[in-house]
Structures are given as C-alpha cells and as structure tokens.
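In what follows, a single structure is set out as structure tokens and then discussed.
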There are 2 protein chains.
Amino acid sequence: MDKQKMGSVPFVFPMPAAVVGADVDGKPTFMTIAYCGAVNNGPAMIAIGSNPGHHTMRGIVEHREFSVNIPSERSVEKTDFVGMVSGATHDKSAVFEVFYGGLHHAPLIAECPVNLECTVREHLKIGGKDDIVIGEITECHVDTSALTDGAPDMEKMRPLLYATGARAYWGVGRKVADAWSAGASYRD
Amino acid sequence: MDKQKMGSVPFVFPMPAAVVGADVDGKPTFMTIAYCGAVNNGPAMIAIGSNPGHHTMRGIVEHREFSVNIPSERSVEKTDFVGMVSGATHDKSAVFEVFYGGLHHAPLIAECPVNLECTVREHLKIGGKDDIVIGEITECHVDTSALTDGAPDMEKMRPLLYATGARAYWGVGRKVADAWSAGASYRD
C-alpha cells in the first residue's frame, strides 16, 4: 500500500455531471455541476454546492426552486457548454428544449433522461468557496424509454460521470454485481 | 419525449458506492452509502445522508469524525457486505485492513484507492428518513498506483457506481470527452 496525501480535495468517485436549472429574469438558465449528491429519502433530498456568484444561483435564491437534470452521453457538448460560459453574458435559454412540471421556476431539460424538480430546504453558507443548497425533490420525471421493469436503466440512460482532477467526462461500463446480494458470498 | 413521473425519489446518476467508516466502542465499523456527494471546495466538503439508527452513525456523532472510502470493483463483495449487515450485530472491524491518518477516529480502508478523512461541520435533521452530515475533508489519500499525471485515473481506480432503483453496482466505461473543452464545439 503506497498512498499519496493530496490535502483537502473533493475526491468523490464517481461524481455526476448534472445540469442545474433555474429561472433568472424570466428565462431559464443552466449550469453544470459535479458537486451534487442524493442525501435523504422520504421525502428525497439532494445537496448541491455552487459558488454563489454563478448566474443560476440568482434564480435559486429568488424563487427557491431549481431543477437537476441528468444528461446522457449524447448531450456531452451542451452539458460542457453550459458549464463553460456564464449566464450573465450568454443567454442559455435556447440551448435545450425546456419543459416545466409542477414547479413554476424549475426548468426541465427534455433531452435529459432524468429530471428532478426541487424546492430549497436549506441554503448553507458555512465557509469554503461554495454555498451548499439542499433541495427537496418534489417530482422526478424519467424517459419511459430509459426504464426497464420500472427502474432507470444505466445502459439506456448512459449518464455522464465527471472525473474530477483529470477534468473529463466518462461513461458507464457494465454491471458488476447485484446489491444486497454480492456481499452474501463474503459472509459465507 | 415521453416521460413518466416517479414522485419524490433520489434519482441521481451516477451515485457512488462509498464506504463510510467511524469508530464505535473503540473499534472501526463501516457502512456503504450511495447518498453522498462533494459539495464544497476550499476547504473541500462532502455531504452524506444516513438513517441515524445506523451503527456507524453512533461513532460519527460521538467523535465528530468519519472517513469516506471509494472502493474499486475488486472490493464489490466486501462493499456490499458492510452495507447488508449492521455493525450492532456484526463486528466489521476485520473486514478490511484499516489505517489512520491525521484524525484519530476516521478509519481508512487500505484496499480502497481513495480515502477521505472528514470532520463534522454540520449535522442536519430536517425531516425525511435520514440525517444529513456535512463533513470537511481534512485530508485525502490516493493510491500512487491509481494516479496518472498527479490525478486519480478512472481506469486505474475502477470505482463502483450504484444504480439506484435497479439496486446494482456498475463499473466505469470509457472517457467520453474532455471537460471545459467539448462545449467549445457547441459554441462554435
């Protein structure tokens, strides 16, 4: 075992490449973030981290609503684009086909196989470069073509993974094992 | 576009299959969680969600320290095992070879290519089944054999992905594109 100390780095693998949406000045805008994870159930909640200066954060603060959209590999260029440029200087409202669900200010991306509508439960400023927003997921929309036996199918969704450090997007590979099952062979 | 509404579900893709460690009653114990994401930088922070009744949570509450370990595909059976059984009834201290870094109560797993040492910054009880713990990452240890040009390499780490809904572990595939680069072709 030969380990290297890297300091205080956010090295979680895999990270998603999620596209967060909000309405700013009456128009949808988007930003790509890897600082994002599910953190609760019943109701489901999601935590995201973002610099408060980002344009999309203005809409989240104003409306206390946002979306989290899970892009597929086929959307990699648009996903990267909305993470490269600021909504303050670039109108991103036409990058994606947008629809709305039950929330009025959580713009959802049609071409993303999974869309989460979220309301802000907590907005934490606890140091560091980013604000932490915890959203309650009020509704989830999944492409029917991405479902197998009622559950989202990795092979059909082909979500992007963000490789932090190497600054690249990766795809999913193959199924390794069933959960709540593979461990039985270790116990035996 | 044909979408199906799924309700309030924590459908983030990909999710990690992270092994969280803490010391309880003087011994390391571990639980596997998918509710986990990076949420801040400078210092780096991570958010996890867990039912407060889980044995590992006792140690996190007592010591306000924990670890997050990123397992490789080769550890899938042990990873699933520590998520299947409770530390209240099973001594998990010998499942993995353990080492410690700068924190005294954040047990790190030698065979995991990435290990994060964390101190508790916030412990939120805001409804839902789970508590949300936000940890500051005080140190990160990475296998030198998993690094390429100083950054963790997906191909060398081969981290597990958790497919929620389908309840399965998946592996990473191939690199799709460079970040802060692929979007340029959309802009052009």
Report task. Determine which single condition B:VAL120 fails, assuming it passes every other condition in (1) surrounded by 22 or more Cβ atoms within 10 Å (Cβ to Cβ); (2) in contact with a helix residue (DSSP H, G or I) (Cβ under 7 Å, 6 or more places away or on another chain); (3) β-branched (Val, Ile, Thr). Result -> (1)
Query raised in the report: Which of the residues that make up the stretch B:42-61 are surrounded by 24 or more Cβ atoms within 10 Å (Cβ to Cβ) and within 12 Å of chain A (Cβ to nearest Cβ)?
Result: B:ALA44, B:MET45, B:ILE46, B:ALA47, B:ILE48, B:GLY49
Query - Residues of the stretch B:139-156 classified as under 22 Å from A:THR32 (Cβ atoms) and in contact with a strand residue (DSSP E or B) (Cβ under 6 Å, 6 or more places away or on another chain), total - result: 2
Report summary line: Given (1) facing chain A (nearest Cβ under 7 Å); (2) surrounded by fewer than 20 Cβ atoms within 10 Å (Cβ to Cβ); (3) more than 16 Å from the chain's Cα centre (by Cα), B:GLY183 misses just (2)
Report summary line: Those residues of the stretch A:22-36 which are within 14 Å of chain B (Cβ to nearest Cβ) and either out of contact with any Phe, Trp or Tyr (no Cβ under 9 Å at 6 or more places or on another chain) or in a strand (DSSP E or B) (or both) amount to A:PHE30, A:MET31, A:THR32, A:ILE33, A:TYR35, A:CYS36
**Report entry** Subset of the stretch B:163-180 (residues that are at the interface with another protein chain (Cβ under 7 Å from one of its Cβ atoms) and in contact (Cβ under 8 Å) with a residue 24 or more places away in the chain)
**Finding:** B:ALA163, B:GLY165, B:TYR169, B:TRP170, B:GLY171
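Scan A:PHE99, A:PHE66 and give me the residue that is open to solvent by 10 Å² or more (accessible area, probe 1.4 Å) and aromatic (Phe, Trp, Tyr).
When all the criteria are applied, what remains is A:PHE99.
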Query - Which listed residue, of A:LEU124, A:LEU161, is of a type in the set (A, V, I, L, M) and over 23 Å from B:GLY183 (Cα atoms) - result: A:LEU124
Query raised in the report: With (1) farther than 27 Å from B:ILE33 by Cα; (2) open to solvent by less than 40 Å² (accessible area, probe 1.4 Å); (3) at the interface with chain B (Cβ under 10 Å from one of its Cβ atoms) as the list, and A:VAL39 as the residue in question, which single condition is left unmet?
Result: (1)
Query raised in the report: If B:GLU77 passes every condition in (1) part of a helix (DSSP H, G or I); (2) in contact (Cβ under 8 Å) with a residue 12 or more places away in the chain; (3) at the interface with chain A (Cβ under 8 Å from one of its Cβ atoms) but one, which one does it miss?
Result: (2)
Query raised in the report: Within the stretch B:142-153, is there a residue that is in contact with an Asp or Glu (Cβ under 7 Å, 6 or more places away or on another chain), β-branched (Val, Ile, Thr) and not in a strand (DSSP E or B)?
Result: yes
**Report entry** Candidate set: the stretch B:123-158, residues that are touching a residue at least 60 places away in the same chain (Cβ under 8 Å) and touching a helix residue (DSSP H, G or I) at 6+ places or on another chain (Cβ under 8 Å); chosen: the one nearest to the other protein chains (Cβ to nearest Cβ)
**Finding:** B:MET157
Report summary line: The residue that is most open to solvent (accessible area, probe 1.4 Å), considering only those in the stretch A:140-170 that are among the charged types (D, E, K, R) and out of contact with any Lys or Arg (no Cβ under 8 Å at 6 or more places or on another chain), is A:ASP149
Report task. Check the stretch B:55-65 and report whether any residue there is out of contact with any Gly (no Cβ under 7 Å at 6 or more places or on another chain) and at positive phi. Result -> yes
Query raised in the report: A:HIS105 versus (1) open to solvent by 40 Å² or more (accessible area, probe 1.4 Å); (2) within 12 Å of chain B (Cβ to nearest Cβ); (3) outside any strand (DSSP E or B); (4) not small (Gly, Ala, Ser): which is the lone unmet condition?
Result: (2)
Query raised in the report: Do we have any residue at all in the stretch B:89-97 that's more than 7 Å from every other protein chain (Cβ to nearest Cβ), touching a residue at least 24 places away in the same chain (Cβ under 8 Å) and not in a loop (DSSP other than H, G, I, E, B)?
Result: no
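The values are calculated or read from the model by the stated rules, or taken from the named source; none is laboratory data. Bear in mind that the values here come from a model prediction, so they are computed numbers and not experimental data. Every residue, glycine among them, receives a Cβ derived from its backbone with ideal geometry; neighbour counts consider all protein chains shown. To get the accessible areas, we keep the full protein, side chains included, count just its heavy atoms, and leave off ligands, DNA and RNA. Shrake-Rupley method; radii C 1.70, N 1.55, O 1.52, S 1.80 Å.
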